[in-house]
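Peer 1: Would you mind keeping the following structure in view while I ask a few things?
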Amino acid sequence: MPIEFDDSRVDVGGVDDRRGAGGLGGIGGGGIAIGGGVGIVGLIIYLLFSVLAGSGGGTGGVPLPADGSQVSSSGQTETSAQLKARCNSPRALENYTDCRVIKVYNVADTVWSQEFARRGLPYRSPRIVFFTRATSTGCGRASAQTGPFYCPADQRLYFDLGFLQQLQTRFGATGEFAQAYIVAHEFGHHLQTLLGTEPKVRAAQERNPSLANRYSVALELQADCYAGVWANLADASRQNGIGVTSGNIREAQNAAAAVGDDRIQLETQGRVSPESFTHGTAQQRSQWFTTGYRTGDIDQCDTFSQV
């Protein structure tokens, strides 16, 4: 279902657009897998434990299958001024996926800056990066197979837009709000950095490697819960918000379930291995998004109590 934005203006000031930049030599050999999060998981990268315990510590990334197509809404390299003009042209939010992703990022930035101010907490805006094939990050070199991810080292959200197409065509997570959920989930990882949760979790994983996967699941489910809180707060906003419908929420719940560990493992390896879960089951992911949406309160997103 379409997203009903209260304000159609798109601010591209927080965007680093690296599409068409040559891919830093392509994606073969040496691309890092950046751990946790949502998406279609390629089996080999999915099983790399280094994404949990080291290798730069990126968060929220999920590999695409090798045949994932690359989607650039503009189809060519644009200047910032050209991107701004296109994303603010008539019906841009209906016609261009990248513009819609940027707008959701805009709304999330506004919502969370206001919520942090209300709580008396310091806030810093992340940046959002579009890339194709491969790019360098504060967490190391990443390929398009990583999927969307957040890097706490440079506080950027990274998107190769081909993932959003794969989410719909391969896993059936259709609708514009399914895309919004992905953005909001990655933004949730930024909140975990600002609140100090992410470094505490990494330290806990290093102290007790046997619980590393369980800590990763808790981190990801909390980002899902924060995404739900964002949907609630954005709907309640009277400035630069969105009008959330029950259909939108169903799209987000479906997307969250579609990228549960159990469903991904069935897709990629034909069996479910609960001991290797790093993201949470389909039921857990959908449930925690729903908890966040219903409560509208990040204090209700304690996913670590049972680790």
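Values in this text are rule-based calculations from the coordinates and carry no lab data. This is a predicted model, so every value here is computed, not measured. As a convention, Cβ positions derive from the backbone with ideal geometry for all residues, glycine included, and neighbour counts pool all protein chains shown.
Peer 1: What does the highest-first list of 10-20, 156-166 look like by mean Cβ count within 10 Å?
Peer 2: Values: 10-20: 18.9, 156-166: 23.6.
Ranked from most to least packed, the peptides come out as 156-166, 10-20.
Peer 1: State to the nearest 20 debye the size of the charge dipole of region 162-217 about its Cα centre, where the only charges are +1 on K and R beta carbons and -1 on D and E beta carbons.
Peer 2: On the way: 5 positive and 4 negative charges, 50 e Å.
Taking the Cα centre of region 162-217 as origin, the dipole is about 240 debye.
Peer 1: Hey, how many Å between the Cα centroid of region 202-221 and the Cα centroid of region 75-138?
Peer 2: Their Cα centres are 30 Å away from one another.
Peer 1: Mind ordering 118-127, 287-296, 222-231, 95-104 by average Cβ neighbours within 10 Å, highest first? It would help to have the intermediate numbers written out before the result.
Peer 2: Values: 118-127: 12.4, 287-296: 20.4, 222-231: 28.6, 95-104: 22.8.
Descending packing order for the listed peptides: 222-231, 95-104, 287-296, 118-127.
Peer 1: Got a sec to turn the phi values of region 130-146 into Karplus ³J(HN,Hα) couplings, 6.51 cos²θ - 1.76 cosθ + 1.60 with θ = phi - 60°, whole Hz, x for Gly and Pro?
Peer 2: 9, 8, 10, 6, 7, 7, 8, 9, x, 9, x, 7, 10, 10, 4, 5, 5
Peer 1: For a quick check: with amide H placed at 1.01 Å from N, whose amide H comes under 5 Å from Thr281's, ignoring anything fewer than 5 positions away on the same chain?
Peer 2: For Thr281, the qualifying residues are Asp261.
Peer 1: Please state the shape class of region 104-213: rounded when a/c is under 1.5, otherwise prolate if a/b exceeds b/c and oblate if not, all from the C-alpha gyration tensor.
Peer 2: Details: a/c = 1.66, a/b = 1.17, b/c = 1.42.
Oblate.
Peer 1: By how many nm would the segment from Glu206 to Ala21 lengthen if fully extended, with 0.36 nm per residue of separation less the alpha-carbon distance? Numbers along the way, then the final one.
Peer 2: Numbers: separation 185, 0.36 × 185 = 66.60 nm, distance 3.61 nm.
Stretched fully, the Glu206-Ala21 segment lengthens by 63.0 nm.
Peer 1: In nm, give the distance between the simple-model label positions of Glu94 and Tyr123, each being 7 Å from the Cα along the Cα-to-Cβ direction.
Peer 2: It works out to 3.1 nm between the two label points.
Peer 1: What residues have an amide H closer than 5 Å to that of Thr137, excluding those fewer than 5 places away on the same chain, when H is modeled at 1.01 Å from N in the peptide plane?
Peer 2: Long-range HN contacts for Thr137: Ala142.
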